[in-house]
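Below: the structure, in structure tokens.
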Amino acid sequence: MRTVHNVHERSIAAPAATVGALLDRLAGEDDPLWPAPAWPAMRLDRPLAVGATGGHGPIRYAVEEYEPGRRVRFRFEQLGGGYHELTVIPQGADRCLLRHVLDAATPGWELITWPLAVRWMHDAVLEELLDNAQRAAGDVVTRPARRSPWVRLLHRMLWPRPRAVDPPAAAELLRGAPGRVDFIDAWRVELHPFMPRDPEYWRREFLRPPPVVRGLMALRQVFVGLLGIDRHSPRDGFPVLARNEHELLAGTDAEHLNFRISLLVAEGGMTLTTVTELHNRRGRLYFAVVRRFHPFVVRAMMRRAHRATALRSTPAARVG
């Protein structure tokens, strides 16, 4: 078992009291330091205080020591023990040092995952946190943190995927549309407080699918043409039929099928529900093929839009 000692620090042209006040907001809804939602948010079961428990992503810890405006230490529940802490160190009346120290063991698989992946993501998170602290304190970041190609690849690979859920009862616009339900599915992603809550925003984001999804859409259009079905081009988006503050309903009616798509933003997440009503043999043949890759297309579009939005919603992005 190996012990890891990792230090990141930044001299900030601001009084220690200013940076200490930012530190006291760590893990709160208006946290100006932690680079969420681009990275998993730090969340605690109560306001920052000794005994509060939580973590970020799969990393779990508890507040072991807390000196308001100066220092907070978190004790790991994993990694064979150890801690990580943030400390504000005065360097005169108008300057201070913000330092992060990680001191932890790497037992078992951590002995391999730390040097291969965790270390690089940890370093990226901490450098972005220090950038955020510098900006929020009114200082100028002369050399903003940049993610290496390896970190960008890890970030993309580990980004959370939409999860299958029951159709939400709160999707009021979807009720009774269409008349008969031959197929229905629903997928949900969680939204950080800084991410948009407007369903129209997410509809626009879905119109920019990744290349693989665009290829599947092109194959679907070829299949549609072979069946002689006239369909609305997905590049233009499907017509919006109704909307309210939290939900948007889109879809179209055709000779072979009707379908509706509900985008609902509620209870801290965004849920996309698809409902289809089949009319005839052509519709059943078409959907027998489409339903094979429909979940992949929906998940890929949601995941791409969710990740792109998260990267644009961090403290650094909002300030910049």
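Laid out as a table, the results:
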read-out: Which listed residue, of Ala14, Ala62, Ala49, is touching a helix residue (DSSP H, G or I) at 6+ places or on another chain (Cβ under 9 Å) and of a type in the set (Gly, Ala, Ser); value: Ala14
read-out: So Arg175, is it surrounded by fewer than 17 Cβ atoms within 10 Å (Cβ to Cβ), among the basic types (Lys, Arg) and either closer than 27 Å to Gly283 by Cα or at pLDDT below 85 (or both); value: yes
read-out: Selection count where residues are of a type in the set (S, T, N, Q) and touching a helix residue (DSSP H, G or I) at 6+ places or on another chain (Cβ under 8 Å), scope the stretch 235-287; value: 5
read-out: Test: residue in the stretch 28-47 that is of a type in the set (Asp, Glu) and closer than 20 Å to His122 by Cα; value: yes
read-out: Enumerated strands (runs of 3 or more DSSP E) restricted to the stretch 237-320, each holding at least 3 residues that are of a type in the set (Gly, Ala, Ser) and either assigned by the TED database to the domain that holds Leu191 or loosely packed, with under 14 Cβ neighbours inside 10 Å (or both); value: none
read-out: Flag if Leu48 is within 28 Å of Leu154 (Cα to Cα) and either open to solvent by 50 Å² or more (accessible area, probe 1.4 Å) or not polar (S, T, N, Q) (or both); value: no
read-out: Verdict on Gly55 being free of Cβ contacts under 8 Å to residues at least 24 places away in the same chain, touching a strand residue (DSSP E or B) at 6+ places or on another chain (Cβ under 8 Å) and surrounded by 16 or more Cβ atoms within 10 Å (Cβ to Cβ); value: yes
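The values are calculated or read from the model by the stated rules, or taken from the named source; none is laboratory data. All values reported here derive from a predicted model rather than from experimental measurement. Neighbour counts are summed over all protein chains in view; Cβ atoms, including those assigned to glycine, are modelled from backbone coordinates with ideal geometry. Note: accessible area is taken over every heavy atom of the protein model, side chains too, but ligands, DNA and RNA are not part of it. Shrake-Rupley method; radii C 1.70, N 1.55, O 1.52, S 1.80 Å.
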